[in-house]
Amino acid sequence: MPFKKNILCIGAGYVGGPTMAMIAYKCPQYKVTLVDINPSRIAQWNSDVLPIYEPGLDEIVKKTRDRNLFFSTEIEKGIKEADIIFVSVNTPTKTFGAGAGMAADLQYWEKTARQIQRHAESNCIIVEKSTLPVKTALAMERILTSNANDICFDVLSNPEFLAEGTAIKNLENPDRVLIGSRETPSGLRARNELVEIYANWVSKKRIITSNIWSSELSKLVANAFLAQRISSINSISALCEKTEANITEVSRAVAMDSRIGDKFLNASVGFGGSCFKKDILNLVYLCRYYGLEEVANYWEGVVKINDYQKERFVLNMLTAMFNTLAGKKICLFGFAFKADTGDTRESPAIFISRRLIEERAELVISDPKALDNAREDLEGLNGNISYIEDPYEASYGCDAIAVMTEWEIYRQLDYRKIFKSMTKLAFIFDGRNILDHNELFEIGFNVFPIGKPPQTHF
Ligand code: UDX
Ligand code: UDX
């Protein structure tokens, strides 16, 4: 049976991969092809071990691969055949020139736009999936129409709100799907076409449409608001540590106000992930560009508090362990930026590791899914670092454990056994407040949570 439409996605990463797998799964009438410039990534997508760990993803890929989901490196062929092209290539923070450290590096985006312009053979809808600065769609349109030919391109913005570790759940049951378009007849037609794809499994009430700039901006703002909640609670955790307040109690009391709600109010060693910092810096850059210095400073504060929280964590360790970490062996429980993912981009564990090595500590890194990425992140660091998945083996003989990631397994360990095997005084720094601190203290550990009084035996 011929397919109704050909959907192409350029960029087979954390966003493109799961999103296209879900579309293929829910819409057998469409042929969905994912292409990527990285051949080894494509080979992994075509193998039994997918390039990303995401609960539920394996099953969906198994059901759809080679049925109506295909992975390939043939970008040009894909463009030629496509009716709808999603672009999900990475847009990291610029590391050079104007806006370095702040603005988005759009070189892959622009390259992709030019590729589409060169190889498209019929009218085509282009869907921005990557998070981008506001008005990127305009640049995309300009590039696409730069060589006047008869082909008509409509650019839509359809930001992805999935969170890693729950990507499949978020895709299957999204809070909302947002589609931004030009309000021209052809823009509206393109928008309806994309609405029809999502309507195969998402209720129309949850599919919202807007103008293209609102859609682009909404993604940056949603991430800025989420990150702002974490920085807010983390800033208060510092105050709790100076007073006799307890951040978990404060957080619970605040969260029970239904206007505030209970999500994203867990104090932590700091937020990580590929999006929060990058998107806030993008927003800050945009505000500065438009001369809105106060607004820019306000949002920049969210990133500053996050940096402060990570540094504070290291300084707390240093102070607790008698102002020297040199030669001490410290085990990190977790390296991923959050639980249920192997992703380590912007993980606080990277910063903490660097700082601990600067203090001349020895590190043992443990994580159920992220050790390969951890090795890459810390490559070239001049220090004594080992990587051991088993937490009992990893913490054996260590002076301290620092919890970096809220993996469920760390809650369920036999801490009596761990305590026996460690060098005393046996410290635990719980950067996620996930452990039973009273029990650990009773076992004999010296316990340092975030935003709560420490419990020590000395
Ligand atoms: C992407 C964007 O980076 C980010 O801006 C947005 O917020 C979410 O979508 P992600 O999927 O997590 O994030 O990125 P990544 O896993 O790095 O995947 C991007 C893929 O695009 C990579 O596999 C890369 O090889 C590919 N790519 C990059 C291309 O195929 N062509 C290019 O020109 C550049
Ligand atoms: C985020 C957004 O949630 C998602 O909608 C967007 O599409 C991409 O960016 P993600 O980066 O995958 O998703 O993870 P998220 O669950 O938002 O967590 C980000 C960071 O915040 C993690 O390091 C997490 O551990 C931390 N966090 C989260 C806290 O420190 N405290 C909290 O209460 C919640």
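The values are calculated or read from the model by the stated rules, or taken from the named source; none is laboratory data. Note that the structure is a prediction, hence the values are computed from the model and not measured. Reconstructed Cβ throughout: ideal geometry from the backbone, glycine too, with neighbour counts over all protein chains shown. With ligands, DNA and RNA removed, areas are computed over all heavy atoms of the protein, side chains included. Shrake-Rupley method; radii C 1.70, N 1.55, O 1.52, S 1.80 Å.
Remarks
- Flag if Ala402 is small (Gly, Ala, Ser), over 27 Å from Asn323 (Cα atoms) and within 16 Å of ligand 2 (Cβ to nearest atom): no
Yes or no, residue by residue, for (1) within 10 Å of ligand 2 (Cβ to nearest atom); (2) open to solvent by less than 50 Å² (accessible area, probe 1.4 Å):
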residue: Ala222; (1), (2): yes, yes
residue: Arg229; (1), (2): yes, no
residue: Ile233; (1), (2): yes, yes
residue: Ser237; (1), (2): no, yes
residue: Lys242; (1), (2): no, no
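- Taking the criterion of being small (Gly, Ala, Ser) and away from ligand 2 (no atom under 12 Å from the Cβ), the only residue of the stretch 150-176 that qualifies is Ser157.
- Complete set of residues in the stretch 340-361 that are assigned to a helix (DSSP H, G or I), open to solvent by 40 Å² or more (accessible area, probe 1.4 Å) and out of contact with any helix residue (DSSP H, G or I) (no Cβ under 8 Å at 6 or more places or on another chain): Arg354, Glu358
- The stretch 74-97: number of residues that are under 25 Å from the mean Cα position of the chain (by Cα) and either buried (at least 19 other Cβ atoms within 10 Å of the Cβ) or part of a loop (DSSP other than H, G, I, E, B) (or both): 11
- Qualifying residue in the stretch 318-332 (condition: at pLDDT 95 or above, within 17 Å of Val269 (Cβ to Cβ) and small (Gly, Ala, Ser)): yes
- Members of the stretch 391-425 that are assigned to a loop (DSSP other than H, G, I, E, B) and under 25 Å from the mean Cα position of the chain (by Cα): Met404, Thr405, Glu406, Trp407
- Any hit, the stretch 414-422, residues being in contact (Cβ under 8 Å) with a residue 12 or more places away in the chain, within 16 Å of ligand 2 (Cβ to nearest atom) and touching a Leu at 6+ places or on another chain (Cβ under 8 Å): no
- Tallying residues that are open to solvent by 10 Å² or more (accessible area, probe 1.4 Å), small (Gly, Ala, Ser) and within 16 Å of ligand 2 (Cβ to nearest atom) within the stretch 14-60 yields 1.
- Tally of residues being part of a loop (DSSP other than H, G, I, E, B) and farther than 28 Å from Ala267 by Cβ across the stretch 366-387: 5
- Residue ID - nearest to ligand 2 (Cβ to nearest atom), chosen from residues in the stretch 324-334 that are assigned to a loop (DSSP other than H, G, I, E, B) and over 13 Å from Arg432 (Cβ atoms): Leu325
- Residue ID - farthest from Thr136 (Cα to Cα), chosen from residues in the stretch 177-220 that are within 16 Å of ligand 1 (Cβ to nearest atom) and not β-branched (Val, Ile, Thr): Leu178
- Test: residue in the stretch 103-124 that is within 15 Å of ligand 1 (Cβ to nearest atom), over 20 Å from Tyr14 (Cβ atoms) and in a loop (DSSP other than H, G, I, E, B): yes
- Matching residues, the stretch 254-269, being among the hydrophobic types (A, V, I, L, M, F, W, C), open to solvent by 20 Å² or more (accessible area, probe 1.4 Å) and free of Cβ contacts under 8 Å to residues at least 24 places away in the same chain: Val254, Met256, Ile260
- Scanning the stretch 321-339 for residues that are more than 13 Å from Met404 (Cα to Cα) and either in contact with a helix residue (DSSP H, G or I) (Cβ under 9 Å, 6 or more places away or on another chain) or crowded, with 19+ Cβ neighbours inside 10 Å (or both) turns up Met321, Thr324, Leu325, Lys328, Lys329.
- Of residues in the stretch 282-310 being under 19 Å from the mean Cα position of the chain (by Cα) and of a type in the set (Asp, Glu), the one surrounded by the fewest Cβ atoms within 10 Å (Cβ to Cβ): Asp307
- Restricted to the stretch 143-192, and to residues there that are small (Gly, Ala, Ser) and under 21 Å from the mean Cα position of the chain (by Cα), the residue that is most open to solvent (accessible area, probe 1.4 Å) is Ala163.
- The stretch 362-380: number of residues that are touching a residue at least 40 places away in the same chain (Cβ under 8 Å) and exposed (fewer than 14 other Cβ atoms within 10 Å of the Cβ): 0
- Number of the exception - Asn382 against (1) modelled with pLDDT of 95 or more; (2) of a type outside the set (Lys, Arg); (3) farther than 25 Å from Asn306 by Cα: (1)
- Qualifying residue in the stretch 15-25 (condition: farther than 22 Å from Ala163 by Cα and more than 13 Å from ligand 1 (Cβ to nearest atom)): no
- Where Ile60 falls short, out of the listed (1) out of contact with any Phe, Trp or Tyr (no Cβ under 8 Å at 6 or more places or on another chain); (2) of a type outside the set (Ser, Thr, Tyr); (3) not in a loop (DSSP other than H, G, I, E, B): (1)
Residues checked against (1) within 28 Å of Ala339 (Cα to Cα); (2) not small (Gly, Ala, Ser):
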{"site": "Gln44", "(1), (2)": "yes, yes"}
{"site": "Pro51", "(1), (2)": "yes, yes"}
{"site": "Arg67", "(1), (2)": "no, yes"}
{"site": "Lys77", "(1), (2)": "no, yes"}
{"site": "Ile84", "(1), (2)": "no, yes"}
{"site": "Gly99", "(1), (2)": "no, no"}
{"site": "Met102", "(1), (2)": "yes, yes"}
{"site": "Arg118", "(1), (2)": "no, yes"}
{"site": "Cys124", "(1), (2)": "no, yes"}
